[in-house]
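Structure record follows, encoded as structure tokens.
Any read-out appearing in this document is the output of simple, stated calculations on the displayed coordinates, not a laboratory observation. Model, not experiment: these values are computed from the prediction. No Cβ is skipped: glycine too gets one built from the backbone with ideal geometry, and neighbour counts run over all protein chains shown.
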Amino acid sequence: YTDSMLYTQMCFYQYLFDLDRAVRQLTEKNEKEKAQQFSKDPDIKEAYTHLRRVAESWLKRSEYSEVNLDKLFEGLFSVK
């Protein structure tokens with residue numbers, strides 16, 4: 001795997017383990033009610049929160065999470 005592939009995978013895990021976002025995105029009422037009951041279980045909520053935080057901590061360590069704007073816009077603006 002390349003480093004960019006691993007970064008993309010970690011972004012997916014962060015997205016996947018965001019339980020609150022998943023519940024908010026549900027549109028059907030019966031699915032939303034089931035998901036809300038599921039997400040109220042403290043053990044499940046704690047597990048998902050822990051998994052999301054692990055993914056976030058690895059993403060923060062990645063060099064891909066930082067953008068050097070000087071290099072990005074280098075040459076676009078001339079200094080007088």
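Just a few scattered comments:
- Tabulated pairs, the stretch 45-67, first under 17 Å from ARG21 (Cα atoms), second in a helix (DSSP H, G or I) and hydrophobic (A, V, I, L, M, F, W, C), C-beta under 7 angstrom, 6+ apart or interchain: LYS45/LEU19; TYR48/LEU19; ALA55/MET10
- Test: PHE12 is over 11 Å from the mean Cα position of the chain (by Cα) and of a type in the set (Phe, Trp, Tyr): no
- Of the helices (runs of 4 or more DSSP H) lying entirely inside the stretch 10-80, those containing at least 2 residues that are surrounded by 11 or more Cβ atoms within 10 Å (Cβ to Cβ) span 19-25, 29-40, 42-61.
- Residue list for the stretch 5-30, filter: in contact (Cβ under 8 Å) with a residue 12 or more places away in the chain and farther than 15 Å from ALA55 by Cα: ASP20, ALA22, VAL23
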